[in-house]
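Comments concern the structure below.
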Amino acid sequence: MPFAERALTAVWLGAALLLFGASLWVQDASLKLFLDNASWTLAFGLSAFWAWRGRAQVPPAHRLLHTGLWLGTVLVLAGQLVWNLQVALDWNPFPAPADLFFLSVGPLWAATVIRATFARLSKDRAYPAALDFGGAVLALLAFTLVIYLPSGQDQPLAVATVLLLYPAVYLTAAGVTALAMPTVGVRVTRAHLLVLAGMLGYGLSWMQWNLMLLRGEVLPGMLFNASFSLAALALGWGARGLRFEVSDDPDYRLRCDQAMNYVPLVAMGLAGVTLVRLFIITPDGREGVQALILVCCLLVLLLAALRQAIVVGLLNRLRTAEAAVLRNEERLYHVAHFDALTGLPNRRYFEDALERAVAEAGRYAQTPDRCVALLLIDLDHFKSVNETYGHRVGDALLSEVAQRIHLLLEGQGLVSRLANDQFTVMLQRPASRTVLAQLATTLLEGLARPWELSEVGAQYMGASIGISLFPDDAADSVELVRHAHSALHATKSAGRGSYRFYIEEFTQATRTRLELRRRLHGALPGGEFTLVYQPQLNHLRQTVGAEALLRWSVDGKPVPPDEFIPLAEESGLIVPMGLWVFESACRQVAQWRAEGWQVPVVSVNVSTIQLREPGFAQALLGIAQRAGVAPASLVLEITESQLLDESLYAIALDLKNAGFALSIDDFGTGHSSLVKLKRLPVSELKIDKEFVRDIVVDPNDREICATVNALARALGLEVVAEGVETEAQWQLLVKMGCQRFQGWLFAPALAPEDLARHWLRPAVDDPLAQAVKNDS
């Protein structure tokens, strides 16, 4: 508080107290009346000043309540000034003009508090609050009426009405203010209590003043007269520091709501006391007033009943909402933890269940039968079903798979869908690995049976399974899943359609594979690749060609091509690697010829991923032209399964038209169609070494090689046999009519200079090269 305000307040308050004390001390009645009025005037003025200061200290948006309180104190001061004028004029009618000012204060305060309260309430809370306010006001009105009934029955109606209104309007304002605080959830402070005490003091003071007036006991200079000043000062000081702000504490607001539930009971109790006093203590009185009291009490009971009906309806809505929330929670839980397509638990549910099962088994690690088994099931060739028949058929198949796994397990374990075509089965405390193997066999046999799909008919599709156990194979749930994946990968690598248990070698192989994949990305920029050449000979053992073979060494150790070539294809690195191989082979051919060697055709392997690259034929042709090598000097070897793909026929024809010769590599390992083979623009077939290896001892391999040679002669194609390692193999192949051979019987894959020195012939017009050849 500023110093000036403190000084003014001290002088003002001191003067009011001094005047009141003087009224008690002096003996003259007229002087007592003057001192009383002067004391009241100063007290009411100081109350208005404090209320004005409180209004000025709050933001404009929150001034509604403070404005009402301040205007009320101003009306009280105005009424007192009019009363002073009436006393000075010795004009004292009743009701008097001053009563209009005094009686308008209570309704103003009540309306202001109600407006400020309901502005902070939502619509669903406003109706119950209105019933509470109405019931409380009517109960207070009825109680005030029954108090005045025995005392004011001899007074004129206008006088009795005014006498009644004085306490009724102020007590109503006090009751409304008391209800407003818990209704809104305002944190009660000393300022709130002072405002409430001031309103209540006004009402009780005027109630007692009127009762004393009816009994003729009102005298100037009474100690009771100070009650009006005290009420005014309490209200004004409270209005100065009042803040009508809703509390943020949810617990406090909950307690406020609970307190409001008792308001109808309090109003009904007050109405009951009023009725008892009406019919038992004061049965005689004005009939109109008795009827009014009875109507007020009945209205209180009616409003309380309506309030109770609202509470019951609200409780019913809350129960309905709670049931809906529970249903939604259950639905959301199902959406979050179960697969929408198959209805099986999803990855999240599975991981949580597996972690709990592993944790439980870990607590009993010393118990032999406390273990957890995980079977990871992956459908074989499911991707081709989606690509061929569409995702709708694929989804139908996945639903059928889920049902079939459930039937095959007969209630054993937890089945879930881990990914697109991967399912898991978790079993706690399995009897043995033998039992798990039997279960895996049952699942594989069941999933291998034909699938009857309405849109595409019977389909055949098997599965592969990887199995790992806790604690034998893993220390936690994450490792258990990872090792099941390792076992599954080993199953697929071995040919699919089977199952495998996890062993440590699978993890080592996986880590090695990941390390190779990482190193492979830097192999081409780092110049780690080399090309070697294996010669191809005719039946006279003359060099008629050579195959370019890619080699790679990591830390001085050679990496087999069947390990890094699949990795290159998976990562897409095969495209730049293939172009580098082709370009290097072209440059080598040009270099050999520049050195004076006769260079027959050179074969280069081409991946199907390269064939699908846009503009592949033009890219190869450009490389060959820049190296100065004719396309006819190069043979592009494409595996049988790749070249028989109808989608690659157009690119094969483009390569043929560009001048390149095409060869079917690993012939016999795919699923050749004679019709397709006849249409393909190829010039040679290469018999896979798997058929050549046992040709001497295995009549079936011998018959296959003979058939391939006969087929090639019928189609006008040359035959190259690879993997020739013994003289007996070579002799048999020569008798079958095979034209070209390559293998360790003749030479391994050699460096370019070694191949030239030992297997290439000098050009006819280069005697120096011929001498070098003879010397070597």
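General observations
- Criterion (closer than 29 Å to ILE114 by Cα, in the same structural domain as LEU235 (by TED's automatic domain parsing) and touching a residue at least 40 places away in the same chain (Cβ under 8 Å)) met by exactly one of LEU64, LEU77, LEU100: LEU64
- Answer from ALA226, ALA271, ALA178 - the residue that is part of a helix (DSSP H, G or I), in contact with a helix residue (DSSP H, G or I) (Cβ under 8 Å, 6 or more places away or on another chain), among the small types (Gly, Ala, Ser) and closer than 30 Å to LYS32 by Cα: ALA226
- All of GLU322, GLU387, GLU329 fail the test of being without any contact (Cβ under 8 Å) to a residue 24 or more places away in the chain, in a helix (DSSP H, G or I), out of contact with any Ser or Thr (no Cβ under 7 Å at 6 or more places or on another chain) and in the same structural domain as HIS406 (by TED's automatic domain parsing), apart from GLU387.
- Odd one out for ASP352, checked against (1) more than 23 Å from ALA490 (Cβ to Cβ); (2) touching an Asp or Glu at 6+ places or on another chain (Cβ under 6 Å); (3) charged (D, E, K, R): (2)
- There is no residue in region 419-432 that is in a helix (DSSP H, G or I) and farther than 21 Å from TYR349 by Cα.
- Filter result for VAL589 (aliphatic (A, V, I, L, M) and either surrounded by fewer than 13 Cβ atoms within 10 Å (Cβ to Cβ) or touching a strand residue (DSSP E or B) at 6+ places or on another chain (Cβ under 8 Å) (or both)): yes
- Flag if ALA585 is at pLDDT 95 or above, assigned to a strand (DSSP E or B) and within 21 Å of LEU634 (Cα to Cα): no
- Matching option when the condition is within 20 Å of ALA180 (Cα to Cα) and aromatic (Phe, Trp, Tyr), among TRP70, TRP52, TRP83: TRP70
- Answer residue from region 463-496, given it is surrounded by fewer than 16 Cβ atoms within 10 Å (Cβ to Cβ) and more than 35 Å from the chain's Cα centre (by Cα) and is farthest from ALA402 (Cα to Cα) among those: ASP472
- Within region 695-737, being assigned to a strand (DSSP E or B) and farther than 18 Å from LEU540 by Cβ holds for one residue alone: GLU722.
- Condition check for GLY203: outside any helix (DSSP H, G or I) and either under 25 Å from LEU77 (Cα atoms) or modelled with pLDDT under 85 (or both): no
The values are calculated or read from the model by the stated rules, or taken from the named source; none is laboratory data. None of these values were measured; they are calculated from a predicted model. Note that we place each Cβ from the backbone using ideal geometry, even for glycine, and neighbour counts take in every protein chain shown.
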